[in-house]
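Quick notes on the structure that follows.
The values are calculated or read from the model by the stated rules, or taken from the named source; none is laboratory data. Note that the structure is a prediction, hence the values are computed from the model and not measured. Backbone-built Cβ (ideal geometry, glycine too); neighbour counts: all protein chains shown. Please note that ligands, DNA and RNA were not included when accessible areas were found on the heavy atoms of the full protein model with its side chains. Shrake-Rupley method; radii C 1.70, N 1.55, O 1.52, S 1.80 Å.
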Amino acid sequence: MKNILNSTFGLKSFKPGQKEIIQSVIRGKDVFVVMPTGSGKSLCYQLPALVREGLTVVISPLIALMMSQVLYLKKLGINCGALTSSSSPGEVSEILDNLSQKALKILYIAPERLSKASTIKILKAGNINLIAVDEAHCVSQWGHDFRPNYLLIGNLRKTLNVPLVALTATAGPRTKIEITKLLFGNNKPKSFFFGYDRPNIFMSFQLKSSPRDQILNFVKKNKQTSGIVYCATRAKTEIIANALNEVGYSALAYHAGLESSVRRNVEALFSSKDNLIIVATIAFGMGLDKPNIRWIVHADLPQSIENYYQEIGRAGRDGKPAIALTLYSQEDIDFRRQQINEGTMIEVQKDLNHQRLNHIIGLSDDIDCRRKNLLGYFGEDIVSCKNCDLCKNPKDTFEASKSIQKILECIILTNEKYSIANIINLLTGQLTDKIKKNKFFGTGKEFNNLQWLAIIRQMMGKDLIRPSLKGGNSITLTVQGKMFLTNKYPINFNLDSFNKISKKLKIKTLISDDDQALLSMLKANCRKLAENSNIPSHFIFREATLIEMAIKKPKNIDEFFMIRGVGPKKLEKFSASFLNIINVLPPDALHPARRKLIGGPSAYIYDQLIEAQSKLAYGKDGYQKKITCSPSIIAKISKLINPTQTIINNILGEKKALRFGKEFLKILKDF
Ligand code: ADP
Ligand code: MG
Ligand code: ZN
């Protein structure tokens, strides 16, 4: 072992854990490894592959990762290859040749390949002696990187009947159970679980106040070093990269919307240069192997504590000090919630993702020690770390159990049907059209709306409440929430997050829960349009505009134009897609006169006439008295077989003929 480590891999000694793991794998045991990023998991199957007879098959989720490993191994003189969706026929036949000569030692396979019968045939024919599953958490449906094809690995192991080694950096207790069940079946693997602690990374969180300055100030303190800024949206990566470049740093954006050649280029530059900043979505960094990344900034709240851990784990792999800063806000939380709600997952998964979001919220509003909280989540216990912002500067706290109790009871009394906004309105005694007075009405005047919101957020951070799966914006008690009500123990909350909550923030009391559903759809549409053209979604429409749209529900272009924030350009570009969302009317909402025409040629004419009518309702110049025609008149005209101006004008009558006559004739003639 030591010989191969020195001579083939050119490494002096094993990293902690490697020796024991490698011994077990060489001996042909089933092995399950959970070790933090950067601890050298690859060697744990690469070295055994050389010692053991036959071929080792490695399943790995990312082509880029596989390719860089293959390149690295080939440089070391190891006979290896990769089968991916982008392998050319030439490459495939080279691998097959190598296989039949039994010369190949390591073969990387993309999980997608496992669903092909031909791949299984190839694998059966080769003398495979070991399966290695990298990033094994991808098999877990509860995980954040689920790859359905990873589920095929369990059968592959049974078919080939060879030992399997599974490796991952991120596995909470539940994911560990899943991995064991799905990959090892009834075999009990020898498990190596190593500590999650990365003591050299300083952990810190800040509420967003002026995010741009917060990021620039941070980068200024850490200049001339490599770092990554993670953002929640593609558009934002470009904006922040530009901002950094403007003040003289070299920064590059990276996200899934870029050409793959551009992405490869960014990856290569980042690996080779030492003062480059990458501004990326989470697509950047899986398996990234740069030891001297000095800092990670999260420009937005990550979606879960697992994501957070994996992303900050990319810094300071050389063991020298590194810093992680995370910015967060109530809007971030709302955005993440919405992402979950609009996803295509089944309900339990959504609920689980809300739970994981709750845990990262809890970490950001934490009062004790961030590392203790983080490691506690992964099942490790420490006292405190002395290397996080809370250990350095303890936060002021307040005892919140009375307020928590009030909110929980209020949620129960309103049958878990109220949104957060309406719970707060109830407590502070503000009537909306929805709120019926009950015994809680006006009983929470000790705090203002924003303060209540901060308490509710921290309650989510303790996972006492979650968004309800029943839809709308209602919230529901978790098991812990119910337990709190029976046991009532003291809970300290962060006073800072309570006092300094963003002044800009307004609770959306303006909008009823019914309109809220429409608003969500409008927002989703906005984001889709924004992603497509790589601009931030508020460049399309600001939230205030979307809210007005959801309330007023414009039926046509004219009404759409009346919404504040809609100018002529945006009207042209975006009105159709938003109007379609607002006006997806079920057929029975159509006027009877129009419904009779469904399916016939007149239906099309009718709609054109209606459209022309609404354009001309206020005259050509838009300033005259409003005139409209009844649906039955429009229907009558739409059915004319030999239309002339006289016939149309007769049907319309004098005033209407003057306004619409010509235009209507044109439509009929055009048809
Ligand atoms: P992981 O998969 O656990 O994130 P990798 O296998 O990618 O980690 O290894 C991270 C880095 O550590 C790589 O650059 C690798 O070459 C290096 N490495 C692995 N084992 C050793 C060792 N025994 N001594 C020195 N460097 C090592
Ligand atoms: Mg790895
Ligand atoms: Zn600490």
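Quick rundown of the values:
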{"quantity": "Accessible area of segment 393-468 belonging to carbon and sulfur atoms, whole % at 1.4 Å probe", "calculated": "49"}
{"quantity": "Separation of alpha-carbon centers, segment 159-183 and segment 224-275, rounded to whole Å", "calculated": "34"}
{"quantity": "Relative contact order, percent, segment 1-95 [alpha-carbon distance under 8 Å, six or more residues apart]", "calculated": "22"}
{"quantity": "In Hz, Karplus ³J(HN,Hα) per residue of segment 397-407 (6.51, -1.76, 1.60; θ = phi - 60°; x = Gly, Pro)", "calculated": "10, 9, 7, 10, 4, 5, 5, 4, 4, 4, 5"}
{"quantity": "Candidate aspartates and glutamates - alpha carbon under 17 Å from Lys655, same-chain residues fewer than 8 apart omitted", "calculated": "Asp621, Glu663"}
{"quantity": "Approximate spin-label separation Lys190-Asn3, in nm, with each point projected 7 Å along Cα-to-Cβ", "calculated": "2.1"}
{"quantity": "Peptide ranges 175-184, 388-397 listed from the most packed, as the mean C-beta count within 10 angstrom indicates", "calculated": "175-184, 388-397"}
{"quantity": "Helix axis angle, 543-552 relative to the chain longest principal axis, alpha carbon, degrees", "calculated": "40"}
{"quantity": "In Hz, Karplus ³J(HN,Hα) per residue of segment 532-539 (6.51, -1.76, 1.60; θ = phi - 60°; x = Gly, Pro)", "calculated": "4, 10, 6, 10, x, 5, 6, 6"}
{"quantity": "Among Thr476, Leu495, Met459 the positive-end extreme of the charge dipole of segment 397-507 (Cβ point charges)", "calculated": "Thr476"}
{"quantity": "Lys124 - accessible surface, heavy atoms, 1.4 Å probe, Å² rounded to 10", "calculated": "130"}
{"quantity": "Span from the segment 335-402 Cα centroid across to the segment 62-106 one, whole angstrom", "calculated": "42"}
{"quantity": "Extension gain from Phe671 to Asp433, taking 0.36 nm per residue of separation minus the Cα-Cα distance", "calculated": "80.9 nm"}
{"quantity": "Efficiency of FRET between Ala517 and Glu91 - r from beta-carbon atoms, R0 51 angstrom, step 0.05", "calculated": "0.50"}
{"quantity": "Cα-Cα over 23 Å, subset of Lys221/Lys392; Lys41/Lys462; Lys41/Lys190", "calculated": "Lys41/Lys462"}
{"quantity": "Size of charge dipole - segment 108-149 - debye, nearest 20, with Cβ of Lys, Arg +1 and Asp, Glu -1, no other charges", "calculated": "320"}
{"quantity": "DSSP bridge orientation in the chain - percent antiparallel, rounded to nearest 5", "calculated": "10"}
{"quantity": "Residue-span extension gain [Tyr623 to Ala544] - 0.36 nm each, minus C-alpha spacing", "calculated": "25.8 nm"}
{"quantity": "Long-range amide H partners of Ser329 with built H, under 5 Å", "calculated": "Lys208, Leu301"}
{"quantity": "Net charge of neighbours whose Cβ lies under 12 Å from the Cβ of Asp332, counting Lys and Arg as +1 and Asp and Glu as -1", "calculated": "+2"}
{"quantity": "Cα gyration tensor shape for segment 201-392, rounded if a/c is under 1.5, else prolate or oblate", "calculated": "oblate"}
{"quantity": "Separation in nanometres of the label points that stand 7 Å from Cα toward Cβ, at Ser210 and Glu246", "calculated": "1.3"}
{"quantity": "Between segment 422-465 and segment 523-582, the alpha-carbon center distance in angstrom", "calculated": "31"}
{"quantity": "FRET efficiency estimate (nearest 0.05) - Cβ-Cβ, Lys552 to Thr646, R0 41 angstrom", "calculated": "0.55"}
{"quantity": "Accessible surface, per residue, of segment 2-193 when the full set of protein chains is kept, probe 1.4 Å, Å²", "calculated": "43"}
{"quantity": "Efficiency of FRET between Lys320 and Lys655 - r from beta-carbon atoms, R0 60 angstrom, step 0.05", "calculated": "0.15"}
{"quantity": "Whole-percent carbon and sulfur share, accessible surface of segment 601-670, 1.4 Å", "calculated": "54"}
{"quantity": "Apportionment of accessible area to carbon and sulfur, segment 510-589, percent (1.4 Å)", "calculated": "60"}
{"quantity": "³J(HN,Hα) computed for each position of segment 241-254 - Karplus, 6.51 cos²θ - 1.76 cosθ + 1.60, integer Hz, glycine/proline x", "calculated": "4, 4, 4, 5, 5, 4, 8, x, 8, 9, 9, 10, 7, 8"}
{"quantity": "Distance between modelled label sites at Asn265 and Lys482, nm, 7 Å Cα→Cβ extension", "calculated": "5.7"}
{"quantity": "Greater than 25 Å apart at Cα, pairs in Lys2/Lys181; Lys596/Lys626; Lys523/Lys553; Lys223/Lys290; Lys439/Lys553", "calculated": "Lys2/Lys181; Lys596/Lys626; Lys439/Lys553"}
{"quantity": "Dipole magnitude (debye, nearest 20) for the chain, charges at Cβ of Lys, Arg, Asp, Glu", "calculated": "440"}
{"quantity": "Positive minus negative residues near Asp145 (Lys, Arg vs Asp, Glu; Cβ under 10 Å)", "calculated": "-1"}
{"quantity": "Solvent-accessible surface (1.4 angstrom probe) belonging to Asp433, in square angstrom, nearest 10", "calculated": "140"}
{"quantity": "Long-range HN-HN contacts of Leu83 with modeled amide H, under 5 Å", "calculated": "Tyr108, Ile109, Ala110"}
{"quantity": "Among Asn6, Gly77, Ile63 the positive-end extreme of the charge dipole of segment 1-107 (Cβ point charges)", "calculated": "Asn6"}
{"quantity": "Heavy-atom surface of segment 510-589, accessible at 1.4 Å and reported per residue (Å²)", "calculated": "57"}
{"quantity": "Most positive-pole-ward Cα, His255, Gly227, Val348, against dipole of segment 201-392 from beta carbon charges", "calculated": "Gly227"}
{"quantity": "Per residue value of the accessible surface for segment 397-507 (all protein chains in place, 1.4 Å probe), Å²", "calculated": "48"}
{"quantity": "Amide proton proximity set for Val229, modelled H, under 5 Å, gap of 5+", "calculated": "Ile278, Val279, Ala280, Val297"}
